[in-house]
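First up is the structure itself, then whatever we jot down about it.
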Amino acid sequence: MEFVVGDMAITTIGLDGDDRAIEFLVFGPAATDQGRFAIHREHGQGWETARLTVPPQAGSVPVAAVEWAVEFAREYL
């Protein structure tokens with residue numbers, strides 16, 4: 001799924017089979033800026049145990065994209 005948030009395009013590029021993780025790809029206004037991260041939550045655990053993963057090669061990730069992704073993940077994880 002792709003969403004436009006402000007001047008960013010955020011795409012969900014991976015959901016694990018048990019709906020415990022969502023991976024996001026973020027493009028900035030020039031469509032050349034790219035960041036990648038994932039939000040994980042274990043089944044039966046509250047949001048206090050949720051984790052954010054940013055791979056070293058992922059580039060920078062705008063805080064606004066992470067804020068949006070957390071709200072999205074709360075709906076779907």
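Of note:
- Accessible-area composition of the stretch 2-76, carbon plus sulfur, in percent [1.4 Å probe]: 51
- Mean accessible surface per residue for the chain, computed with a 1.4 Å probe while every protein chain stays in place, in Å²: 62
- Each peptide in 67-74, 43-50, 56-63 was scored by the mean count of other Cβ atoms within 10 Å over its residues; highest first, the order is 67-74, 56-63, 43-50.
- For the options Ile39, Ile13, Ile22, a Gaussian network treatment of the chain with springs between C-alpha atoms closer than 10 Å singles out Ile13 as fluctuating the most.
- Rounded to whole Å, sorted largest first: equivalent-ellipsoid semi-axes of the chain, Cα gyration tensor: 22, 12, 11
- In the chain, the longest principal axis of the Cα atoms and the axis of helix 63-76 are about 40 degrees apart.
The values are calculated or read from the model by the stated rules, or taken from the named source; none is laboratory data. This is a predicted model, so every value here is computed, not measured. Counting neighbours? That spans all protein chains shown, and the Cβs are built from the backbone with ideal geometry, glycine included. Just the protein is used for accessible areas: all its heavy atoms, side chains included, with ligands, DNA and RNA removed. Shrake-Rupley method; radii C 1.70, N 1.55, O 1.52, S 1.80 Å.
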